[in-house]
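Worksheet: one structure, shown below.
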Amino acid sequence: MSSLFPALDNAPAKSALHFGDQILDYPTLRSVALTLAGALRDQSRVAVWATPTPHTAVGVVAALLAGVPVVPLNPKSGARELAHVVNDSEPSLLLTPPGAAELPPELAGLPVLEVALDAGAEEPPAASAIDPEQPALVVYTSGTTGPPKGALISRRAVAATLDALADAWGWTERDVVVHGLPLFHVHGLVLGVLGPLRRGGTVRHLGRFSPDGVRQALTSGGTVLFGVPTMYHRLAEAVDGDRALADALAGARLLVSGSAPLPLPDHERLWQATGRRVVERYGMTETLMNTSVRADGPPATGTVGVALPGVEVRLVDDAGRPLDVGDGETVGEIQVRGPNLFSGYLNRPEATAEAFDAGGWFRTGDMATRDSTGGYRIVGRRSTDLIKSGGYKIGAGEIENVLLAHPGVAEAAVTAAPDPDLGERVVAWVVPRDPADPPTLEELSDHVVGQLAAHKRPREVRFLAALPRNDLGKVLKRELV
Ligand code: MLC
Ligand code: AMP
C-alpha cells in the first residue's frame, strides 16, 4: 500500500469521508479505492471530473494507490481552457461520478470510467513501492500570459506539506476537517481531502460553502475549518446577530484561512464575535504550503506566520540578492526551497527554468516583510497581471485573449479592483470597435463564461478611446488602476 495514506493500511472503524449524507468509513474507502486502483494500474494519467462529491476523493485516492498521476478538472471549466488542459495533459482515462451530466464535447474520445462507491468482489494486491518523486497530481494554474500551466506535484511534495502542516497545527486523526472548497485546486484537494486522509482523520465536505453548513458541521463533530478569505468574509457578515454561528466558530479547534489575504476588518469582526483568531497559512500551487501561524504559537493577525518545518523561506531584492532583515518593514520578494516544491510545469521547460533561480529557489512573485520573530506579512505581488478573486488565481492575459475575440472589442486590458467580498474583482478595460454601440458587461461576461470558468468573468467593464501604452506598445496597467 502506498505510504501516502498509512491509515488505509489498518483501516480503523471510523468515518473517512462525509459529503452530505454520503459517508464512507475507512474500511469501505480502503476496499472501494483498492478495487478502483486495480482497474487503473495500466493508465498513464487519469483526469478526474472534480465534482464536490465523494467520487472525486475516491477517484484521486485510488489513482494514488495505483501510482497513477491525477489531473483534476474543474467541472465548470469553459470550452477553451478545458480543451487546453486535456490536450496538454493527455490523460488516458476520465473518472466521473456515476451518471455525471452530459460531458462537454472537448472530452469526446476520452474513455470514461464511473467511480462506484461500493467495493468490488476482490481486493487486488497492493502496489509495490512507488517512487516518491513520481507526480501525484498535475494541477493547472494561471500565469500572467497564455493558458494555464500544469504544475507537476510529486508524492514527496504532498507528503512533506501535509506533515509540516500537521506539525504546525497539531493536526491529528482526531480532527474532522470541515470545508466547502472546490476539489480541483490544492487548497480543497491536497489540504482538504488528502490531508485528513493522511492523518487518519475525517473530511466533512459541505458540497457548497454556506455559513449555515459551516454551523451545522462544526456543531456536529467538526473540529477544524478551512476556507478562503471570501468564505471568512461571508462568515463575518453572517455571524453578527447569529449566536449559534458564533458559538459554532468559537467551539472549533482551529479556523484556517488561505489562498489569498484575509483582510484585517474580517479578522477583527470574527475575533469580536467569537473570541477566536483565524490562523493564516501561505502557499501556492507550485509550492504547496510555505508558512503558517502555528497553533502552539502566539495568536497573530495580519501575518501568514513562520516558515513551516523543512521549508526554507527568504526575501530577495529586485536583483535577487537575499535581504537579511527582520525589521518588519523592508519589502522583498518571497523565495522558497524545500521538499514541498513542485517538480516543474508539464511540457514547459522554459517556464520551469524561469521559475527558479540558480540556487534552486522558487520565485513566488509575492512581496512581503519579515519581522524579528521570522513572521511574514504579505504586502502585494510583483505582477499586475495576476488577480486573486474569491481565492482563485486568474491570469489577466487569458481573459484579454478571450475578450479580444469578441466582435465588439477592438482592444482589451484586464486588471484587478479591490472587492470587499472577493478580495479582488476582474475589471475589463475595453476599447469598443463601435464607440456608439459598445458591448454590455453582460455580453462580455457571457462571452468569457463560454470559454473560461465563470469565476474568470469580468465583474465590471470600463470603456476607453485608447489604452495607455508605452513606446513599445505595452499596456501601462498601473496607469489604468
Ligand atoms: C455566475 N455563474 C455563472 C455565470 N455567472 N454561470 C454561468 N454563466 C454566468 N454568466 C455561476 C458560477 O459558476 C457559480 O456557480 C455561481 O454562478 C456563482 O459564481 P461566483 O459569483 O463567481 O462565485 P460565488 O458563488 O460567489 O463563490 C465564492 C466562493 C468561490 C468563495 C465560494 O469563489 C470559491 O469556491 N473559491 C475558492 C477558490 C479556491 O479554492 N482557491 C484555492 C486555489 S489553491 P457555482 O455552482 O459554482 O456556485 C491556492 C493555494 C493556496 O490558492 O494557498 O491555497
Ligand atoms: P495559486 O496560484 O492559486 O496557488 O495561488 C497562490 C497565491 O495565492 C500565492 O502566490 C499568493 O499570492 C496567494 N496566497 C495564498 N495564501 C495566501 C495568504 N494567506 N495571504 C496572502 N496571499 C496568499
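What fraction of the Cα pairs in the stretch 177-223, stated in percent, has a spacing above 12 angstrom? Mind showing how you got there, number by number?
Values: 616 of 1081 pairs.
Tail fraction, whole percent: 57.
Roughly what % of Cα-Cα distances in the stretch 335-402 sit above 16 Å, to the whole percent?
Values: 1465 of 2278 pairs.
Everything past 16 Å amounts to 64 percent.
Quick one: grab Rg to one decimal and Dmax as a whole number for the chain, Cα atoms only, in Å.
Taking only Cα atoms of the chain, I get Rg and Dmax of 22.3, 70 Å.
Expressed as a fraction of 2.2 N^0.38 Å, the rule-of-thumb size for a compact globular protein of N residues, what is the C-alpha radius of gyration of the stretch 387-464?
Details: Rg = 11.6 Å, N = 78, 2.2 N^0.38 = 11.5 Å.
So the stretch 387-464 has a normalised radius of gyration of 1.01.
How much net charge surrounds Trp169 when only the other residues with a Cβ under 15 Å from the Cβ of Trp169 are counted, with Lys and Arg +1 and Asp and Glu -1?
Values: positive: Arg174, Arg198, Arg199, Arg253, Arg276, Arg277, Arg281, Arg294; negative: Asp163, Asp167, Glu173, Asp175, Glu280, Asp296.
Taking every other residue near Trp169 into account, the sum is +2.
Could you order the peptides 109-118, 53-62 from most to least packed, using the average number of other C-beta atoms within 10 Å per residue? Walk me through the numbers before you get to the answer.
Details: 109-118: 13.6, 53-62: 26.4.
Put in order of decreasing packing, that is 53-62, 109-118.
Could you tell me which of rounded, prolate or oblate describes the stretch 44-113, using a ≥ b ≥ c as the square roots of the eigenvalues of the alpha-carbon gyration tensor, with rounded for a/c under 1.5 and, failing that, prolate when a/b is larger than b/c and oblate otherwise? All intermediate terms of the calculation are to be shown ahead of the outcome.
Details: a/c = 1.75, a/b = 1.25, b/c = 1.40.
Oblate.
How much length is gained on full extension from Asp21 to Asp167, taking 0.36 nm per residue of separation minus their Cα-Cα distance?
Full-extension gain reported as 49.4 nm.
Lys and Arg at +1, Asp and Glu at -1: add these up for the other residues within a Cβ distance under 14 Å of Arg253 and post the number. List each step's numbers first, then the result.
Working: positive: Arg174, Arg199, Arg204, Arg276, Arg277, Arg294; negative: Glu173, Asp175, Asp296.
Computed value for this residue: +3.
Per-residue counts of other Cβ atoms within 10 Å, averaged by peptide: what ranking do you get for 148-160, 267-279, 429-441, highest first?
Details: 148-160: 23.2, 267-279: 18.2, 429-441: 15.1.
Sorting 148-160, 267-279, 429-441 by mean packing, highest first, produces 148-160, 267-279, 429-441.
Using the Cβ atoms and a cut-off under 12 Å, what net charge is assigned to the surroundings of Ala319, where Lys and Arg are +1 and Asp and Glu are -1?
Numbers: positive: Arg321; negative: Asp317, Asp318, Glu333, Asp357.
Result for the local shell: -3.
Ranking request for peptides 7-13, 81-87: highest mean number of other beta-carbon atoms within 10 Å first, then the rest in descending order. If you can, show how the numbers build up before the last one.
Details: 7-13: 15.0, 81-87: 19.4.
Listed from highest to lowest mean packing, they are 81-87, 7-13.
Can you find, among Val427, Val60, Leu218, the residue sitting farthest towards the positive end of the charge dipole of the chain, where Lys and Arg contribute +1 and Asp and Glu -1 at Cβ?
Farthest towards the positive end: Leu218.
Can you give the convex hull volume per residue for the Cα atoms of the stretch 1-159, as a whole number of Å³?
On the way: hull volume 19.4 nm³, N = 159.
Enclosed volume per residue, from the Cα hull, is 122 Å³.
Run the numbers on the stretch 48-142 and let me know its relative contact order in percent, using alpha-carbon pairs under 8 Å that are six or more apart. Each step should come with its number before you reach the end.
Values: 105 pairs, mean separation 35.4, N = 95.
Over the stretch 48-142, the number comes to 37 percent.
Fewest to most neighbouring Cβ within 10 Å: what's the order for Phe19, Phe5? Mind dumping the intermediate values first?
Details: Phe19 19, Phe5 23.
Going from sparsest to densest Cβ surroundings: Phe19, Phe5.
Report, as a whole number in µm² per second, the diffusion coefficient that Stokes-Einstein gives for the stretch 151-234 at 25 °C and 0.890 mPa s using the Kirkwood radius over alpha carbon pairs. Spell out each step's value before the answer.
Working: Rh = 13.1 Å.
Value of D from the Cα-based Kirkwood radius: 188 µm²/s.
How many angstrom lie between the Cα centre of the stretch 271-306 and the Cα centre of the stretch 405-481?
The two parts, judged by their Cα centres, are 34 Å apart.
Using the alpha carbon gyration tensor of the stretch 98-180, what are the three equivalent-ellipsoid semi-axes (square root of 5 times each eigenvalue), largest first, in whole Å? Walk me through the numbers before you get to the answer.
Values: eigenvalues 153, 117, 60 Å².
In descending order the semi-axes read 28, 24, 17 Å.
With contacts defined as alpha carbon pairs under 8 Å and 6 or more residues apart, what's the relative contact order of the stretch 167-214 in percent?
Details: 61 pairs, mean separation 21.6, N = 48.
Reported as a whole number, the value is 45 percent.
Using the count of nearby Cβ atoms within 10 Å as a rough guide to exposure, how do Ile130, Ile394 rank from fewest to most? Don't skip to the answer; put the middle values down first.
Numbers: Ile130 17, Ile394 24.
Ranked by crowding around the Cβ, least crowded first: Ile130, Ile394.
Would you compute the Debye intensity of the stretch 344-481 from its alpha-carbon atoms alone, equal scatterers and no solvent, and pass along log10 I(q)/I(0) at q = 0.09, 0.12, 0.17, 0.18 Å⁻¹ to two decimals?
Result of the Debye calculation: -0.34, -0.59, -1.02, -1.10.
Give me the lysines in straight-line cross-link reach of Lys477: C-alpha distance below 30 Å, same-chain residues under 8 apart excluded.
Lys76, Lys149, Lys388, Lys393, Lys456
No lab work stands behind these numbers, since they all come straight from the coordinates. This structure is a prediction, so every number in the text was calculated from the model and none was measured. For neighbour counting, all protein chains shown are included, and Cβ atoms are generated from backbone atoms with ideal geometry for every residue, glycine included.
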